[in-house]
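Submitted below is the structure of interest, expressed as structure tokens.
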């Protein structure tokens, strides 16, 4: 379950410099991903700026604690994905404390051990790799899987792609099955996927 | 067979990849026009085929111009300036305004509503659209209009929920501010919009 080095658009070496606590690395991380983090929380918090700032600070503090305790391992996931995974945990934690209904069952929330965020990040990168793997999904399967995951209805998808709804359903089923097999080949069995997916809404 | 767990992970994987992309800032020669060519690099496209990339191609920022026409104060003490976006290609447009709000004495975001109540308009090539802005009570400070354009109206936030989400996001990244606070440019707000959208900012001063 090691992270590949050829993923696009990632500041070279930042993950390693963060893990090594190199001077200036955390400031660079903050400058690069601070606006994204704020935007991520802003979308979820409905424009409550005080809450957004609080969640952003909690996320950076949690990331820094993990890095300081050597719990972040750059060979497992890029620092950006790790920050994203931590942010999701912080958000779900906030939702649970605020009593906001989420898709997460009560008994398995974001309060797991900090290394869960790293495992969640690793799972996301594994899935990204599977989606990109040449020959795994054909174009139609990939488009159907991503559109369905984004909430587009089968009917809308069928109209857009000029395919029968039954064909859309079959493509989706095939794509999901291939992705599950691909994840399994990377060491993510069904039970682990189920557990780690609870970190995400 | 539905697989909600995998669907949740797919959504997160796409969002995480978009999150991982550093924000790129572009500068154009003109001092008043800051433009970037959209969120085309957003992640879903990475996973799509070249045919899809063509379909989602963004409109180049240089195809968009926005004029600011000052108006005299009327006898009733009202002053309505006009902003005139014009495209050299047909496209759908959404107009975002960061303008003076008398109630809070601050700059606030607004989504412009056209006369028919819609917030998205189909613009023909070479046709200017009139955006009246009431600047009667605005001090001589920099306000701005952001024009979000896409080849397809469906790429722009059209539902009430989508517009509310957009305003919430805009207020998150660029909160209501006083005139002497830092300005907010389109690189800041670009993450609030989806892929396939080009955003052009035009500051103006009602002086």
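Tell me which residues, restricted to segment B:99-123, are part of a loop (DSSP other than H, G, I, E, B) and modelled with pLDDT under 85.
Residues satisfying the conditions are B:102, B:103, B:104, B:105, B:114, B:115, B:116, B:117, B:118.
Checking the condition within 16 Å of residue B:203 (Cα to Cα), in a loop (DSSP other than H, G, I, E, B) and touching a strand residue (DSSP E or B) at 6+ places or on another chain (Cβ under 7 Å), which residue from B:140, B:132, B:85 passes?
B:140
Still on this structure: What pairs come up if the first residue lies in segment A:144-170 and is over 22 Å from residue B:12 (Cα atoms), the second is assigned to a loop (DSSP other than H, G, I, E, B), and their beta carbons are under 7 Å apart, counting only those six or more places apart or on different chains?
Every condition considered, the pairs that remain are A:158/A:164.
Output the helices (runs of 4 or more DSSP H) that fall wholly within segment A:1-74 and possess 1 or more residues being farther than 30 Å from residue B:189 by Cβ and modelled with pLDDT of 90 or more, or say none.
Because the criterion is at least 1 residues that are farther than 30 Å from residue B:189 by Cβ and modelled with pLDDT of 90 or more, the helices (runs of 4 or more DSSP H) in segment A:1-74 that meet it are A:14-19, A:49-68.
Taking residue B:173 and the conditions (1) surrounded by fewer than 19 Cβ atoms within 10 Å (Cβ to Cβ); (2) more than 13 Å from residue B:119 (Cβ to Cβ); (3) at pLDDT 75 or above, which numbered condition does it fall short on, given that it satisfies the others?
(1)
The values are calculated or read from the model by the stated rules, or taken from the named source; none is laboratory data. Since we're looking at a predicted model, the values are computed, not measured. We place every Cβ from the backbone using ideal geometry, glycine too, and count neighbours over all the protein chains shown.
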